[in-house]
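Participant: Below is a structure I'd like to ask you about.
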Amino acid sequence: MGNLSLQFKPQETFIEAWHDCYLSESKITGFICTFQLHTKKHIFYGLNDINHLLKEANKRKKDVYLSLNAFEHGSRQAASLKQIRNIGVDIDCYKLNITVDRASEEIKDLIYRGSIPNPNLVIYSGRGIQLIYSITGGASPKMAYLSQYITTQYIAQLKHLGADTTGSDVTRVFRLPYSVNGRNNKRVEVEIWRTMEYDLMELYSYCTPLESRRKPSKKRKGILATLPSQQGLKNLYSLNTCRKDDLEMLISLRNGDIEKRNTLTYIYSYTIALLLKNKESALAFAQQMNASLADPQQKTIVSRTAGSAYDDAMEFFDEYAKRDFKMWYKHSDGIKRPMKNETIIEELDITADEMKQFKTIIDGVEKQARNTKGQRLKRRKQGVQKRKDYLEQQKEQTEDKLWQLQQAMERHPNAKRKELAEMLGVHPTYITKLKKHL
């Protein structure tokens, strides 16, 4: 299949404190940021700002969050992502009436069995648990699809403990250690469970391989990991990860008030099936999505619809793999391919305003608007650069004329403004301006 093989040779970078997962000598590209829920304020931190971050943590403010990854200064949007630094899983065990202690023991058991890797940090968020896997040296934004795939796979392993199925976005924020959870006024605590950071491919080795429905081997010592090189396969996961986020955003924008609930269930389940490739997990994700609706469907209806969507998705995936992950356009074979954006927009009655909040479920009008905006920003950026060059050039010319004027005045101390202007080849009013500089 033309896979790229990578033998694990960890660089053996270590963390000594919790903040090493976010800021370290090997993670210097971009800025992490805190976000305070009440004020909606972001504060950005670079490597030289560690002490400021620690001071912020020790202030024990309520409901302060910290980004898992690094961005351009001033923006926490996916388009501004500069470096992937952590993979995180948010476990809301309290929603299932599971205590933090019991959840912690279950997590340790999953680690022992090799179902998930040992997290570097465990954050006790006040009511739940957040697992942090620190990536040595950080990873390129181009690997966002893989980091989100890994996150979704880990969530599937922890769903029975209340893992948040919506928590795979690279812009995700987790609670800042030692801040206060405003819901119960408990201090957010943090523990280091593993000091050695992970290579991204090592974290991927715990997942079902991208190119198949096969589960990974339990033996991971000296693993030869493979990452498919087919662009079609990468596009498939990037598209469906963004589509999953958009569908969850749609529910949020409508406050859970979805008219075509069964249609949404099918589209969401088909999408998540391609990311999980495990029927039990796909059905669990669908049930959690259904629970977020203002008027949830009966669980039996959700299971039936989600099961049908999963079967359709796997039939497509198997045929897609046979064709070396290249899309085909024969429609008489009975295979249900992923819906086009236009179809989803029509089926779910998505509005133009809603599309503005989405990453990929957009129509031609919104796509053109984004392209136009992108080109405008590009031209503006280029224009700023040109103006900077222009001003620099003007400065040099002014300095040259000042020198010429000074020389002319020394040689002809009694020369009038008009005469000096003729000597320099400029207008007389310009001589007045230059004399002010002198």
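Participant: Please determine, by comparing only the residues of region 9-38 that are touching an Asp or Glu at 6+ places or on another chain (Cβ under 6 Å) and surrounded by fewer than 17 Cβ atoms within 10 Å (Cβ to Cβ), which one is modelled with the lowest pLDDT.
Facilitator: PRO10
Participant: So, one more: With the requirement that a residue be farther than 20 Å from GLY126 by Cβ, in contact with a Phe, Trp or Tyr (Cβ under 8 Å, 6 or more places away or on another chain) and touching a residue at least 24 places away in the same chain (Cβ under 8 Å), what does region 23-45 give you?
Facilitator: LEU23, GLY30, PHE31, ILE32, CYS33, HIS42, PHE44
Participant: A further question on this structure: Would you be able to tell me the number of residues in region 241-278 that are of a type in the set (Ser, Thr, Tyr) and surrounded by fewer than 24 Cβ atoms within 10 Å (Cβ to Cβ)?
Facilitator: Adding up the residues that qualify gives 3.
Participant: Now a separate question. Every residue in region 39-57 that is closer than 21 Å to GLN77 by Cα, in contact with a strand residue (DSSP E or B) (Cβ under 7 Å, 6 or more places away or on another chain) and open to solvent by 50 Å² or more (accessible area, probe 1.4 Å), please.
Facilitator: HIS42, ILE43
Participant: Restricting the search to region 75-90, which residues are touching a Ser or Thr at 6+ places or on another chain (Cβ under 9 Å) and either under 24 Å from ILE15 (Cα atoms) or open to solvent by 60 Å² or more (accessible area, probe 1.4 Å) (or both)?
Facilitator: GLN77, LEU81, LYS82, GLN83, ILE84, ARG85, ASN86, ILE87, GLY88, VAL89, ASP90
Participant: Here is a further query. Of the conditions (1) touching a Leu at 6+ places or on another chain (Cβ under 7 Å); (2) closer than 22 Å to GLU346 by Cα; (3) at pLDDT 95 or above, GLY307 satisfies every one except a single condition; which number is it?
Facilitator: (2)
Participant: For region 328-380, which positions are open to solvent by 100 Å² or more (accessible area, probe 1.4 Å) and aromatic (Phe, Trp, Tyr)?
Facilitator: Result: TYR329, single match.
The values are calculated or read from the model by the stated rules, or taken from the named source; none is laboratory data. If you're wondering where the values come from, they're calculated on a predicted model, not measured in any experiment. Virtual Cβ from ideal backbone geometry, glycine too; neighbours counted across all protein chains shown. Areas reflect the complete protein model, heavy atoms only, side chains present, ligands, DNA and RNA absent. Shrake-Rupley method; radii C 1.70, N 1.55, O 1.52, S 1.80 Å.
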